[in-house]
Structures are given as C-alpha cells and as structure tokens.
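Enquirer: Starting off with a structure, shown below.
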Amino acid sequence: MRATSRTVSAASSLLGLLFVTACALPEAPPDERYYRLEAVSPERVFDQPPIDGTVEVARFSSAAMTDDRALVFSEDGGESLQRYSYHLWTDAPTIMIQGALTDTLSAANAAERVVTPELRIQSDYRLDGRLLRLEHHLAPAEGQVIAVMQIGLRGVREDDFVLLQTYREEVEVPDEGANAAARSMQTAFERILNRFLADLDDTQVTASREAR
C-alpha cells in the first residue's frame, strides 16, 4: 500500500511539474508580415515625354529609422517614433521607392528613357530626393499615415534643378493594425507620385529642355 501511495504521489508531483513548466514556457511569437511600396498606375500618360532625354533615378536619402525595414509608428503625434516588431517592408523603403519611381515614370512616358545608376548609361537628367517621413500615427482613433518626400529633377549639364518640390500626404487608416497602415502608406505614395507627374508638365521643365 505504501509503495502504491508513493507511486501516486510521484506521479502527481510529475504532473504538477509538467503543468508548471508548460505554463512557464513563453508564447510563440506571431508570424512576421511583409509589405511593399509598389509602382503606381499613372493618372496620366504623356503623348510626348515632358523630359526630352534620359533620366537616371537615384536611390533617395533618408534618416536611418525612416529607411528601416520595420514599419514605424508614433503614439504621441510624431514626437517619438517606435518600430513595429513583426511588420516589415520587403526591402528598405528608399530602394522600393527607387524601383517604383523608375517603373512609374516609364509607364507614364515621362522621358525618352528611364534608367538607374547600375546601368551606367549617360543621362541628361538625374532624379533624386529624400524620404523625410513615412510613419503611422496611432491617435486619434485608428490614426493616420504621414508621408513626406522631397523630389528633385536636375539637369546634368547645367547641374541645376529644373523641378524641386516637397510633397506631403496624410491618409486615414481605416482599420486597426500595421497591415492597414501599410496599405495607407501605399496610397500616400501613389498620391505623391501622381502629383509629381503632374508637376513634370511645368513650364520650368520645358524651358530647361529647350535651353539645352
């Protein structure tokens, strides 16, 4: 009888230990999710390219955190920034912006040729810029996305800007969570690119083209 009691007691202790150990194990982290900033369908396609020549699209500069692969958010109106732990871009935002700009300008027939520096093709213009902000503000309610980009088109020979603008877009985030914020960031990016395309028909670009 004593042996049986000792066996039951040992089994109970073992079960209790297993239960405590199971409770102490950390929960599995959530799966990571990945997002892209993609080329847009241009609102206008030019019959004649507004830029007479070859445009080289450079990778934009940016603050280190803005170009981080983790999506960025703020809980205090942008005074301080934090990173989402499991919501990431597929690549650094400035790399995706370079690719999307190249594809969008080509689709819009904005120049005779649109290239990147890797091709080592002599260009007439250089498209450069800086990603100033790309962040999700959580308040009020679900919050909003703020995107700010400076974009400049510079003549290579003149070494002077023929178009230089800073674009800001604020887009509401319709649902909670980083995935909804990523969709709103894409919307803000699309608006900025289409505003830039509209500015390409500006007379300053035409005047610089005729002066060459």
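Enquirer: Exactly one of these conditions fails for Asp201: (1) within 23 Å of Ser41 (Cα to Cα); (2) modelled with pLDDT of 90 or more; (3) among the charged types (D, E, K, R). Give me its number.
Expert: Unmet for Asp201, out of (1) within 23 Å of Ser41 (Cα to Cα); (2) modelled with pLDDT of 90 or more; (3) among the charged types (D, E, K, R): (2).
Enquirer: So which residues in segment 138-164 are touching a Gly at 6+ places or on another chain (Cβ under 8 Å), in contact (Cβ under 8 Å) with a residue 24 or more places away in the chain and in a strand (DSSP E or B)?
Expert: Once the filter is applied, which keeps residues that are touching a Gly at 6+ places or on another chain (Cβ under 8 Å), in contact (Cβ under 8 Å) with a residue 24 or more places away in the chain and in a strand (DSSP E or B), segment 138-164 yields Ile146, Met149, Ile151, Gly152, Val162, Leu163.
Enquirer: Within segment 51-65, take every residue that is of a type in the set (Ser, Thr, Tyr) and surrounded by fewer than 20 Cβ atoms within 10 Å (Cβ to Cβ) and give me the one that is nearest to the chain's Cα centre (by Cα). Steps first, answer last, please.
Expert: Filtering segment 51-65 down to residues of a type in the set (Ser, Thr, Tyr) leaves 54, 61-62.
The next check asks that each one be surrounded by fewer than 20 Cβ atoms within 10 Å (Cβ to Cβ); those that pass are 54, 61.
Numbers: Thr54: 26, Ser61: 13 Å.
Per the criteria, the residue is Ser61.
Enquirer: Moving on. Go through segment 36-50 and give me each residue that's of a type outside the set (Asp, Glu) and either surrounded by fewer than 16 Cβ atoms within 10 Å (Cβ to Cβ) or over 21 Å from Gln144 (Cβ atoms) (or both).
Expert: Within segment 36-50, Arg36, Ala39, Ser41, Pro42, Arg44, Val45, Phe46, Gln48, Pro49, Pro50 meet the criteria.
Enquirer: Check every one of the strands (runs of 3 or more DSSP E) wholly within segment 21-137 and list those with 1 or more residues that are of a type in the set (A, V, I, L, M, F, W, C) and at pLDDT 90 or above.
Expert: On the way: elements: 33-35, 51-57, 70-74, 82-89, 111-115, 125-137.
Ranges flagged: 51-57, 70-74, 82-89, 111-115, 125-137.
Enquirer: Right, here's the next one. How about segment 162-188: which of its residues are among the polar types (S, T, N, Q) and within 16 Å of the chain's Cα centre (by Cα)?
Expert: Narrowing segment 162-188 to residues among the polar types (S, T, N, Q): 165-166, 179, 184, 186-187.
Residues satisfying the conditions are Asn179, Ser184, Gln186, Thr187.
The values are calculated or read from the model by the stated rules, or taken from the named source; none is laboratory data. None of these values were measured; they are calculated from a predicted model. Neighbour counts are summed over all protein chains in view; Cβ atoms, including those assigned to glycine, are modelled from backbone coordinates with ideal geometry.
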